[in-house]
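A.B. asks: Here's a structure for you.
The values are calculated or read from the model by the stated rules, or taken from the named source; none is laboratory data. This is a predicted model, so every value here is computed, not measured. We place every Cβ from the backbone using ideal geometry, glycine too, and count neighbours over all the protein chains shown.
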Amino acid sequence: MQSGYDAGGQRAVVEGILAPLQLAWQSGRLSSLGIGSHQPLQFSHTAAGEEQRRTNGSGFALRHEWSPTGLLQRQALEGADGRVN
């Protein structure tokens with residue numbers, strides 16, 4: 001297994017496993033994860049750093065809601081129109 005790192009020292013590529021991983025970081029938080037030839041997942045975060053939403057650009061969107069103390073309260077699939085299913 002081999003890893004490649006970006007200028008900020010974050011792991012950006014992992015090879016030598018079943019499918020290579022591509023990772024992107026923004027402000028120390030994972031912003032994109034690609035696995036092999038699959039559509040990469042994009043991540044957004046709250047100001048406190050909790051994952052707020054993950055999407056793949058092909059219709060998948062998962063939204064997370066957090067309590068004031070940082071506990072996960074809810075996860076929901078989001079439709080293309082932004083409404084929770």
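Residue-wise test of (1) touching a Leu at 6+ places or on another chain (Cβ under 7 Å); (2) outside any strand (DSSP E or B); (3) without any contact (Cβ under 8 Å) to a residue 24 or more places away in the chain; (4) not polar (S, T, N, Q).
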{"site": "A19", "(1), (2), (3), (4)": "no, yes, yes, yes"}
{"site": "W25", "(1), (2), (3), (4)": "no, no, yes, yes"}
{"site": "Q52", "(1), (2), (3), (4)": "no, no, yes, no"}
{"site": "P68", "(1), (2), (3), (4)": "no, yes, yes, yes"}
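A.B. asks: Let me ask you something else. Mind checking which residues of the stretch 2-27 are out of contact with any strand residue (DSSP E or B) (no Cβ under 7 Å at 6 or more places or on another chain) and at pLDDT below 90?
C.D. replies: A7, G9, I17, L18
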